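Just so you know, all these numbers are worked out from the coordinates, no wet-lab data involved. Please read all numbers here as calculations on a predicted model, not as lab measurements. Please note: Cβ atoms are built from the backbone with ideal geometry, for glycine as well, and neighbour counts cover all protein chains shown.
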Amino acid sequence: ERAVEAGGGTCRYDETMHAAQLDRLSLEADLRRAIDAGDQIWVAYQPIVALPEGRLAGFEALVRWDHPARGKVPPGVFIPIAEVTGLIVPLGRLVLHRACHQMVRWTAMRGPDADPLFISVNLSARQLGDRDLLDTVAGALAESGVDPAQVKLELTESAAMSHAGETIGLLWQLKALGLRLSIDDFGTGYSSLSYLHRFPVDSLKVDQSFVAAMCRSTESRDMVRIIVDLAHLLKLEIIAEGIETAEDAKLLSDMACGFGQGYLFGAPLPPQEAAGWITAPGSAEREKSLT
Ligand code: C2E
Ligand code: MG
Ligand code: MG
Ligand code: MG
């Protein structure tokens, strides 16, 4: 204590640290209340399209938090807090339930003749470690009545690989519910190719950092090409995220990347606005009129 008091700089540093910790604690308390009440938390939906034509294939559900005093808190800020505190478990359950119900409503809006859409929901490592995960997922499927084949769970490469041995069994149990699995942010973690081969996953998502760098760097372009080829080899669907320019989209479709997601096609939207994708001519309607 004395040593700290003697050095003014150290003292100020400690005060700043203290303030940051208090701020984090208050954010954590607010998040806990927000999850309980449910009203500040909502789910945004970002379209995922088939390349090259841009036909709507599904949506990724992305959680949003409108804090009454702080405004919009970015997921990059509150998701890590939710992970450390375990709040990601009830938060993830909330998102999964809302996303499944939303998919049911949109499927009804599209009518029985339209191609089925999928809804993709993120799972973090902490959720994979939750004993109740299987029950939670089964509960959301049953309660909403969504066709499990329309639901995808995204787990990041690092979450999937961190306890790969134990995770494989859980992934097979999740698959047995009839849903699909996707590896998110692929290329940023350390995948063991032997595990990847044994994981019952259906798709890989190329991390947006590679896509962003693609037009500037041939190395990044080669990296994306290798990931796309790997997906083909493993007979997995491949989705590129973070597509912002027509040039990116062209490069990707030339590589035979099947699906894309990014601001070029559409930002994450509140459900009322995302519904425009479903009802607008250009999705199901135009396709029907062409055939
Ligand atoms: P992610 O799963 O990789 O999601 C993609 C992120 O890229 C989203 O950020 C999305 O808004 C953003 N994005 C989409 N298109 C573009 C683009 O063209 N350019 C750029 N620069 N970014 C784009 P967001 O919504 O801020 O979410 C960040 C991360 O937070 C997600 O990364 C995911 O890891 C996590 N997250 C979000 N919602 C949930 C959730 O419900 N549960 C869990 N466990 N994690 C979530
Ligand atoms: Mg994701
Ligand atoms: Mg991602
Ligand atoms: Mg990401």
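Tabulated values for the structure
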item: Percent antiparallel among DSSP beta bridges (both partners in the chain, rounded to 5); result: 40
item: Rg and Dmax [Cα atoms of region 148-291; Å; Rg one decimal, Dmax integer]; result: 16.5, 49
item: Relative contact order (%) - region 42-155, alpha-carbon pairs under 8 angstrom, separation at least six; result: 27
item: Sum of -39500 (n - 2.57) over DSSP H runs of 4+, divided by residues of the chain (222 nm, nearest 500); result: -16500 deg cm²/dmol
item: Efficiency of FRET from Cβ geometry, GLU143 and ALA256, R₀ 35 Å, rounded to 0.05; result: 0.35
item: Given charges at beta-carbon only (K, R positive; D, E negative), |dipole| of region 53-182 in Debye; result: 300
item: Loop-resident sites, region 147-190, for chymotrypsin sites (Phe, Trp or Tyr not before Pro), counting at most 12 other Cβ within 10 Å (DSSP); result: TYR190
item: Mean Cα-pair separation over length for region 95-243, i.e. relative contact order, pairs under 8 Å, 6 or more apart, %; result: 19
item: Percent of Cα-Cα distances greater than 37 Å, calculated over the chain; result: 19
item: GluC sites (Glu not before Pro) restricted to region 212-243 and DSSP loop, no more than 14 other C-beta within 10 Å; result: none
item: Whole-number percent relative contact order across the chain, with pairs defined as alpha carbons under 8 Å at least 6 apart; result: 18
item: Dipole magnitude (debye, nearest 20) for the chain, charges at Cβ of Lys, Arg, Asp, Glu; result: 340
item: Region 213-280: chymotrypsin sites (Phe, Trp or Tyr not before Pro) in DSSP loop, at most 15 other beta carbons within 10 Å; result: TYR263
item: Packing-based order for 46-57, 21-32, using average beta carbon neighbours within 10 Å, highest first; result: 46-57, 21-32
